[in-house]
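The next block holds one structure in the form of structure tokens; read it before the comments.
The values are calculated or read from the model by the stated rules, or taken from the named source; none is laboratory data. From a predicted model like this one, the values you see are computed outputs, not experimental measurements. Here the Cβ positions follow ideal geometry from the backbone for every residue, glycine too, while neighbour counts run over all protein chains shown.
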Protein chains: 4
Amino acid sequence: MIIQLDPQTPSSVKDNIELKAMTLGFKMTEVKTEQGNLYMVGIGKKEFDIRILGQMEGVRDIHRVSDAYKLVSRKWRVHPTIIDLEDGVKIGDGNLQLMAGPCSIESEEQIIQTLEHLKANGVNVMRGGVYKPRSSPYAFRGLGMDGLKMWHTLAASYGIKIITEVMQVSQIEPMLPYIDIFQVGARNMQNFNLLDELGKVDKPVMIKRGMSGSIDELLQCAEYVFSAGNEKLLLCERGIRTYEKAYRNTFDLNSIPILKEKTHLPVIADPSHGIGLRAYVEPMALAAVMAGADGIIYETHQIPEKAFSDGQQTLDFKESKALIQKLNATANLKASF
Amino acid sequence: MIIQLDPQTPSSVKDNIELKAMTLGFKMTEVKTEQGNLYMVGIGKKEFDIRILGQMEGVRDIHRVSDAYKLVSRKWRVHPTIIDLEDGVKIGDGNLQLMAGPCSIESEEQIIQTLEHLKANGVNVMRGGVYKPRSSPYAFRGLGMDGLKMWHTLAASYGIKIITEVMQVSQIEPMLPYIDIFQVGARNMQNFNLLDELGKVDKPVMIKRGMSGSIDELLQCAEYVFSAGNEKLLLCERGIRTYEKAYRNTFDLNSIPILKEKTHLPVIADPSHGIGLRAYVEPMALAAVMAGADGIIYETHQIPEKAFSDGQQTLDFKESKALIQKLNATANLKASF
Amino acid sequence: MIIQLDPQTPSSVKDNIELKAMTLGFKMTEVKTEQGNLYMVGIGKKEFDIRILGQMEGVRDIHRVSDAYKLVSRKWRVHPTIIDLEDGVKIGDGNLQLMAGPCSIESEEQIIQTLEHLKANGVNVMRGGVYKPRSSPYAFRGLGMDGLKMWHTLAASYGIKIITEVMQVSQIEPMLPYIDIFQVGARNMQNFNLLDELGKVDKPVMIKRGMSGSIDELLQCAEYVFSAGNEKLLLCERGIRTYEKAYRNTFDLNSIPILKEKTHLPVIADPSHGIGLRAYVEPMALAAVMAGADGIIYETHQIPEKAFSDGQQTLDFKESKALIQKLNATANLKASF
Amino acid sequence: MIIQLDPQTPSSVKDNIELKAMTLGFKMTEVKTEQGNLYMVGIGKKEFDIRILGQMEGVRDIHRVSDAYKLVSRKWRVHPTIIDLEDGVKIGDGNLQLMAGPCSIESEEQIIQTLEHLKANGVNVMRGGVYKPRSSPYAFRGLGMDGLKMWHTLAASYGIKIITEVMQVSQIEPMLPYIDIFQVGARNMQNFNLLDELGKVDKPVMIKRGMSGSIDELLQCAEYVFSAGNEKLLLCERGIRTYEKAYRNTFDLNSIPILKEKTHLPVIADPSHGIGLRAYVEPMALAAVMAGADGIIYETHQIPEKAFSDGQQTLDFKESKALIQKLNATANLKASF
């Protein structure tokens, strides 16, 4: 059950509602979001007449939600959530949004070349890692805050937004002024403390599905952030782990139409990590659009062979340009259906 | 190594070639196909000067093939194989071919209604099961040969081709006059005896990927049929088994571009079994086209709720008609890239 | 629902029972087994008073079975099934039964050496393949019937029983006089026609779990054989396919205690295929005993490095001897609990 | 490559070694551990004469290690690492160590009852969660530091050690005085920042294998902690995610003998989470001992049905007592082999 309240509801009125809900068998959690909304989420299993609570003082709206996740469910919020990155850049408004860039931020020259490429091809969001989760402790772990600040200055001059991965709680505050979307990586999907803290900022958060994350678990992870106070959420399919060895991951396009039905949040597809082989990024990206993705995030680099990481799944700028044109044509056709 | 020979090559000449190949460290298998070609496939690991064999009497052509599978490899036959079902119906010629129909053949009325629907919408191949592999021995197992004969007569009157599953060796000969494509089901992908016997007929065979079949294993299964003498082969992606429970199978679109690069055989996608939920068949079918499928096979029934089997993943005719239009539009866009 | 009838029940009496069951909403299947029992299996979902049928003429016993599988369920037959191979060799009687031998039967010398080894160490059943399912059509496929006949003669002279794989229906009859247990391989778990035909012989059948076979599917496959008329069944865990690449298969010992609770059939464990690496066969075999296996089947060869197939997972005779001693000690401890 | 140095090696000497290694093509990382050792780990691929470095000043020992992980590899440290919890409690010394207790720490009464049970049965380590990672943000998340302090006081009075999960960096310091082993949960296996920080304490850390963690990834995660400075490490198998639905996880006993060969660290098995069903915890625990586990960690509760979490996989004290006796007998037999 989700109750929407007037944001200025006094404590005494909230207490009344909570008390009444408890007598009906529900444990209530108050959610005050960074975006200025006030909700009460009720967990319980009893059947009851929803009007008992609906008619109480302060209650603006009330919904039953049978899913295990509540605030991210489309059973409650039917209309899709639109993420507004300002300056006219929106995700989830029916247009396909592209996010492209290198795996790792490497140098000023690399950033500028990428920004030029994106600008020339109408891409509004640049991806790149400054904190890199690596299997081996001895591998390159990213340029950190220095890299991010440099990137931020350059990207701003091009009017291009930034999405980058945050790996731990202590990075959130320093990164906040320099990013447009926080990315939670696949390995951190269920890093619940990180999710909790990302619930306390007013910046969009994109959660990547874990390597063996179920669709329901991914939605519960989004619920963590939302219930901690941040409504600006995106989900990302990036491939799951199966027995097949012919590619890097099993890019699971099935999750896209299913997520679009279960949640009001935008769904992004990452074919680069998804299939993990450069030659197949294009067909999988196009397929993701037809499957219903709101956006595509992919890796591109001026010279993939020299990339610090993930070169084998990274497009060069020529391939990237061709992909963008085909993605736009595919999105147009899809929109016409 | 694959050697193509003149089909009338006398034994003595073949013996010479085999002997020479043996001295080079290769074990040779002679493959005489129903389609009139004569090959020798060599298995071995030694490096050698290919011209030693290439210049011998009777040798038309010779290729090194480093894959574990040989005759189905695109390293040997670069151009795509086109399956000609006659009357202008071809698969793999660059156009998208659709195959639709019920899970099970149930009755004359059902067949006629389906044929009318397909005819009206330009679909040239009808699918349907007369021998049904079922998890439980107590479930409906299909109408058998009587059903197939009735279906054949009706389909022929509409000029529509038939694809249906063959489950065992003893069914091949009786079914042969009544079908256009033999389907090998996912559970039988590695039923090697069945594959061997299907190598002895001159009718197309479509092999479905097993529930945990790897891409390389699927290609080896096709190699079984080809090396037993039948070049008319199609492969079919129909979903694999993973941990995710939100859908029936993990429809693995990644296999499509990878198969298209590894083999010259046409690749068909089955979104009905793939995702297994009616509401999501359409987006996954469209995605499969963008991923590069040569054809789509899906389930449709006049009243899916009353279907003997698989109703939950079967489209009604209205949904089917809408899908066909979108598939054709998507295929046209793809062809324009 | 399962009804046990007097084997000589006349048709008219059976018809009465079937008719009455139909009016209660059940579809009945008559099962007359090679072992001389007569059952009727009812599939239906209605609640009803079981005594209505229980009191009818000819009915010896009646049980409700809520599982999808019926005749193999322990909800019906509580006591474990004991497979009697004659000459005092039994499986499932509480003692651990070992089955060992090479992957492939290769030569008379190999057979004799193996038989000597088994005899010296008290092993009563020899495994070995004469028909080999191979991923590649160009690999060694076994010595066939000639090999089996030679093996049978030799094994009989040592008083040792034979278990070997049957791959297709046409092999059943020729093999029948020469084997003690038919093995259905993992790839053929759901080869339903093969299962049906194995239901018509009075020899034990061991079904191996498929590479992605679920525990419930394995039980349904056993139900196929039983409902076709053969009660002499064993199940075998041999590893499943997962994402992990550090070993050949994920030997799933979890299936053993679960199968032991769900079915009355004996459960055999195959650590050789299970983990697929020689160094780890011993610990996994011992673990399987503690998990509750009724028998262990493993691969041993006089010179594993020279085996025609599976050498990397095959023990030499010294390792085999050490394993047997430890297996017996472990089985003794387990029996004492 | 791993170089062991005298802990007091002056910087100038270390610089010389690093320089020389660089000229040989190696990137060196200095590792000074909380346990007082000094290592340099070299990452590189060049072949070279190891004596060039081995003969340099300050070098105590040098080893080539071909694995991707280095310090945790048994190719370097052949003898097993023994974790000393003081007061005679050791893990990895050849004896089986048991760790038991509830999923969640709930109350003083619960703690005391559990401690009494453990004391009476000779178990020296108690498990329990005070910070609980939960799929849903609305579920019970543990008693936190207050619960831990109470537990610590009580456990100390019984002379029983504590293992409990740490979920985030900020918890490490407060928890440090009250715990004997930090547990890193399956969801945090690749929480690299947490691993880095746990490298800076002188307390044992047990890392659980992630739900889709590969064996090599688990070892790399241990390498993170070791290379950050903490040599006191244990690994834990707790089940992986596969397609099978008959149990909670696929408890992967295969990992145990493989880990024992690849690493010198002790390996613990968790059958409670592994199979996740109470009735099967015992056979799987016994199997884990035979597979080679150095310890067993399992869940027990005075009244499992009333446990705050995981009741369905938790033994009551009677079952726990029976298990302990059988585990000890099994360990004794294993030790005799």
**Q.** All positions within segment A:39-86 that are within 14 Å of chain D (Cβ to nearest Cβ), within 23 Å of the chain's Cα centre (by Cα) and not β-branched (V, I, T)
**A.** A:Y39, A:D67, A:A68, A:Y69, A:K70, A:L71, A:S73
**Q.** Among the candidates D:A287, D:A335, residue that is at the interface with chain C (Cβ under 9 Å from one of its Cβ atoms) and either at pLDDT 95 or above or closer than 28 Å to D:T81 by Cα (or both)
**A.** D:A287
Q: Kindly indicate whether any position in segment B:197-219 is more than 23 Å from B:A291 (Cβ to Cβ) and assigned to a helix (DSSP H, G or I).
A: yes
Q: Report whether or not D:L253 is surrounded by 24 or more Cβ atoms within 10 Å (Cβ to Cβ) and away from chain A (no Cβ under 14 Å).
A: yes
Q) Restricting to segment A:70-85, what's the tally of residues that are without any contact (Cβ under 8 Å) to a residue 40 or more places away in the chain and assigned to a loop (DSSP other than H, G, I, E, B)? A) 1
**Q.** Any hit, segment C:288-297, residues being more than 19 Å from the chain's Cα centre (by Cα) and not in a loop (DSSP other than H, G, I, E, B)
**A.** yes
**Q.** Restricting segment C:173-202 to residues that are closer than 22 Å to C:C103 by Cβ and surrounded by fewer than 21 Cβ atoms within 10 Å (Cβ to Cβ), the residue that is farthest from the other protein chains (Cβ to nearest Cβ)
**A.** C:Y178
Q: Consider D:K200 carefully, then state whether it is within 30 Å of D:K321 (Cα to Cα) and at pLDDT 95 or above.
A: no
Q: State whether the residues of segment C:232-248 include one that is within 7 Å of another protein chain (Cβ to nearest Cβ) and either modelled with pLDDT under 95 or assigned to a helix (DSSP H, G or I) (or both).
A: no
Q) From the residues in segment A:10-38 that are away from every other protein chain (no Cβ under 14 Å) and of a type in the set (K, R), which one is nearest to the chain's Cα centre (by Cα)? A) A:K32
Q. In segment C:263-277, which residue that is in a loop (DSSP other than H, G, I, E, B) and hydrophobic (A, V, I, L, M, F, W, C) is farthest from C:I83 (Cα to Cα)?
A. C:L277
Q: For segment A:82-110, enumerate the residues that are more than 24 Å from A:K326 (Cβ to Cβ) and polar (S, T, N, Q).
A: A:S104, A:S107, A:Q110
**Q.** When residues of segment C:51-81 are limited to those that are exposed (fewer than 14 other Cβ atoms within 10 Å of the Cβ) and of a type in the set (V, I, T), the one farthest from C:T330 (Cα to Cα)
**A.** C:I52
(Q) Checking the condition within 15 Å of the chain's Cα centre (by Cα) and not charged (D, E, K, R), which residue from C:Y243, C:Y224, C:Y247 passes? (A) C:Y224
(Q) For segment C:311-332, give me the residue count where each residue is in contact with a helix residue (DSSP H, G or I) (Cβ under 7 Å, 6 or more places away or on another chain), surrounded by 19 or more Cβ atoms within 10 Å (Cβ to Cβ) and of a type outside the set (S, T, Y). (A) 7
Q) What are the residue pairs meeting all of these: first residue in segment D:23-48, first residue free of Cβ contacts under 8 Å to residues at least 24 places away in the same chain, second residue of a type in the set (G, A, S) and assigned to a loop (DSSP other than H, G, I, E, B), Cβ atoms under 6 Å, and 6 or more apart or on different chains? A) D:G25/D:G44; D:K46/D:G25
Q) Given the conditions (1) in contact with a strand residue (DSSP E or B) (Cβ under 8 Å, 6 or more places away or on another chain); (2) more than 11 Å from chain D (Cβ to nearest Cβ); (3) closer than 28 Å to C:D202 by Cα, and given that C:P304 satisfies all but one, which numbered condition is not satisfied? A) (3)
Q: Taking C:I215 as the residue in question, decide whether it is in contact with a Ser or Thr (Cβ under 6 Å, 6 or more places away or on another chain) and either aromatic (F, W, Y) or away from chain B (no Cβ under 12 Å) (or both).
A: yes
(Q) Out of the residues in segment A:153-172 meeting the condition of being buried (at least 18 other Cβ atoms within 10 Å of the Cβ) and more than 14 Å from chain D (Cβ to nearest Cβ), tell me which one is farthest from the chain's Cα centre (by Cα). (A) A:A155
